[in-house]
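A.B. asks: One structure, as structure tokens, below. Some questions next.
The values are calculated or read from the model by the stated rules, or taken from the named source; none is laboratory data. Given the structure is predicted, the values throughout are model-derived calculations rather than measurements. When we count neighbours, we look across all protein chains shown, and the Cβ atoms used for this are built from the backbone with ideal geometry, even at glycine.
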Amino acid sequence: MARIRSLLLLSGAVALASRLSWRMGWQCARSAAAHKRSRGIIQHASDAIISTDEHQTILQANPSAATMFGTTVQTMEGSPLQQFIPRDQRLSNEPAGTRYFGNTGIRLRMKGRRASDYAVTGLKASGQYFPLEGSISSLAENGHRIYTIILRDITERKQVQEQLEQSYSQLRELSAALQTIREEERKHIARELHDDLGQLLATLRVDLALLQQQHSNDVAARKLQAGMDELLMSAITSLRRIASNLRPRALDEGGLYFALESLRQEFVARYGIACTLDANEEDLILDDAYSTAIFRIAQEALTNITRHAEARKVLLSLYRTDGLLQITIHDDGRGIAEKDMDKASSFGLIGMRERVWALHGDIAIVSDGGTRIMIRLPLPPPQENAA
Ligand SMILES: Nc1ncnc2c1ncn2[C@@H]1O[C@H](COP(=O)(O)OP(=O)(O)OP(=O)(O)O)[C@@H](O)[C@H]1O
Ligand SMILES: [Mg+2]
């Protein structure tokens, strides 16, 4: 009886073992297929994929990685990662406490198995350095850490980026140069109008006055002379207005403070909007480039207020602190919307920004129960800053 029971137990155990081994075999086959599949994916991926052990020895590299570094998969596998991503080429100005991927210099910003982006410099077999971007992930395998690095050569993108930055800065220089030329031309035309045409009209008026003094009894002639005098007077007024719009004389004769003060007075008289100029005359003794830029910025801001703000009160304040000129233009109108600041066909705010940037300053425009334009301009030391 005991024999039969042990025979039965044995046959049960054999059946269980064979079932288990069939299952394990099936699982093995399944994991082998998965392994083969993932190897295939890695082999055919267009991104460079490298996996290393915790000592940064390359365990596996795909053909894209070999092509990228100008070498072969065989050469890469078993080599130190340092050979392709040298530590001394790591990025400068990294934040303190940055963890590194072993000794490679690759910045690790990921935790656990999460992949994250990084940027490093690669070294081709030919000795050429090139910029790389990618991500690292790590996982534990049999108690060891395996790192998988996916890399992308960003040489072309960097070049395009550099070209873009270069052309952007050229555009800025061009815009600053055009602004200067425009100001010079305006100044020139305003002076010609005032000194040349203005003088001529003034002389004509004096001559006319002499003619009028010759007590002519001809009523028609006297009427004509009076009419001529009126016309001459309005020609002189128009000419002054045109010249002043081109270039306020106060900018050249009295300085920025007086130019802003006359701008303020004209604004109040013309639009009936209260406007305060809060500034010291001494703070605004600046050279022509600064005076002109600040005047044009204030002029554009006031024009915008009349056109868009529906404001009742405006404050224009300019103060000098520690080598900086702080300019604030605030109105209590409807405020400026975010989308208004980048309107395609609007150039006022763009021009304002360009003028500030050309003088290495910064500008912020915010909506705070109205519109507030805040500008900080670093000023040159006083000796270079003769008015
Ligand atoms: N003080 C303000 N209050 C409210 N909205 C403003 C103010 N200033 C500007 N805006 C908004 O910002 C937009 C852009 O202003 P910007 O000066 O660049 O262009 P613009 O005045 O429309 O045209 P222009 O090119 O003739 O100056 C304006 O169209 C307006 O909608
Ligand atoms: Mg405008």
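A.B. asks: Give me a count of the residues in region 44-63 that are in a loop (DSSP other than H, G, I, E, B) and loosely packed, with under 15 Cβ neighbours inside 10 Å.
C.D. replies: Number satisfying all stated conditions: 4.
A.B. asks: Which condition breaks for Ala344 when tested against (1) outside any loop (DSSP other than H, G, I, E, B); (2) within 11 Å of ligand 1 (Cβ to nearest atom)?
C.D. replies: For Ala344, the exception is condition (1).
A.B. asks: Can you tell me which residues in region 41-65 are at pLDDT below 90 and hydroxyl-bearing (Ser, Thr, Tyr)?
C.D. replies: Ser46
A.B. asks: Residues to consider are Ser126, Ser137; find the one that is surrounded by 16 or more Cβ atoms within 10 Å (Cβ to Cβ), small (Gly, Ala, Ser) and either touching a Lys or Arg at 6+ places or on another chain (Cβ under 9 Å) or at pLDDT 85 or above (or both).
C.D. replies: Result: Ser137 is the single residue among Ser126, Ser137 that is surrounded by 16 or more Cβ atoms within 10 Å (Cβ to Cβ), small (Gly, Ala, Ser) and either touching a Lys or Arg at 6+ places or on another chain (Cβ under 9 Å) or at pLDDT 85 or above (or both).
A.B. asks: Then there is this: Using the structure shown, decide if Ala301 is within 13 Å of ligand 2 (Cβ to nearest atom), within 26 Å of Asn245 (Cα to Cα) and in contact with a Ser or Thr (Cβ under 7 Å, 6 or more places away or on another chain). Please lay out each step first, then the result.
C.D. replies: Details: within 13 Å of ligand 2 (Cβ to nearest atom): yes; within 26 Å of Asn245 (Cα to Cα): yes; in contact with a Ser or Thr (Cβ under 7 Å, 6 or more places away or on another chain): no.
So Ala301 does not fit the description; no.
A.B. asks: Related question: Just to be sure I understand, how many residues within region 231-284 are closer than 24 Å to Glu185 by Cβ and surrounded by 14 or more Cβ atoms within 10 Å (Cβ to Cβ)?
C.D. replies: The first filter runs over region 231-284 and keeps only residues closer than 24 Å to Glu185 by Cβ, leaving 235-256, 258-260, 262-263, 266.
Add one more test, that the residue is surrounded by 14 or more Cβ atoms within 10 Å (Cβ to Cβ), and what stays is 235-236, 239-240, 242-244, 246-252, 254-256, 258-260, 262-263, 266.
The total comes to 23.
A.B. asks: Just to be sure, is Thr57 more than 16 Å from Ile146 (Cα to Cα) and of a type in the set (Val, Ile, Thr)?
C.D. replies: Details: more than 16 Å from Ile146 (Cα to Cα): no; of a type in the set (Val, Ile, Thr): yes.
Taking the combined requirement at face value, the residue does not satisfy it.
A.B. asks: So which residues in region 134-177 are under 30 Å from Gly78 (Cα atoms), under 22 Å from the mean Cα position of the chain (by Cα) and free of Cβ contacts under 8 Å to residues at least 12 places away in the same chain?
C.D. replies: Scanning region 134-177 gives a single hit, Glu156.
A.B. asks: Quick check, is Thr292 among the β-branched types (Val, Ile, Thr), away from ligand 1 (no atom under 12 Å from the Cβ) and not in a strand (DSSP E or B)?
C.D. replies: Against the criterion (among the β-branched types (Val, Ile, Thr), away from ligand 1 (no atom under 12 Å from the Cβ) and not in a strand (DSSP E or B)), Thr292 qualifies.
A.B. asks: Quick one: in region 321-336, of everything that is within 7 Å of ligand 1 (Cβ to nearest atom) and not β-branched (Val, Ile, Thr), which residue is surrounded by the most Cβ atoms within 10 Å (Cβ to Cβ)?
C.D. replies: Once the filter is applied, the top-ranked residue is Asp331.
A.B. asks: Also, quick follow-up: Can you find a residue in region 269-281 that is in contact (Cβ under 8 Å) with a residue 60 or more places away in the chain and away from ligand 2 (no atom under 16 Å from the Cβ)?
C.D. replies: Within region 269-281, not a single residue is in contact (Cβ under 8 Å) with a residue 60 or more places away in the chain and away from ligand 2 (no atom under 16 Å from the Cβ).
A.B. asks: Inspect all residues belonging to region 304-320 and state whether any of them is within 16 Å of ligand 2 (Cβ to nearest atom), crowded, with 20+ Cβ neighbours inside 10 Å and either within 26 Å of the chain's Cα centre (by Cα) or within 22 Å of Leu174 (Cβ to Cβ) (or both).
C.D. replies: Within region 304-320, one or more residues are within 16 Å of ligand 2 (Cβ to nearest atom), crowded, with 20+ Cβ neighbours inside 10 Å and either within 26 Å of the chain's Cα centre (by Cα) or within 22 Å of Leu174 (Cβ to Cβ) (or both).
A.B. asks: Please verify whether region 186-204 includes one or more residues that are surrounded by fewer than 16 Cβ atoms within 10 Å (Cβ to Cβ) and either over 26 Å from Asn245 (Cα atoms) or among the hydroxyl-bearing types (Ser, Thr, Tyr) (or both).
C.D. replies: Scanning region 186-204 turns up at least one residue that is surrounded by fewer than 16 Cβ atoms within 10 Å (Cβ to Cβ) and either over 26 Å from Asn245 (Cα atoms) or among the hydroxyl-bearing types (Ser, Thr, Tyr) (or both).
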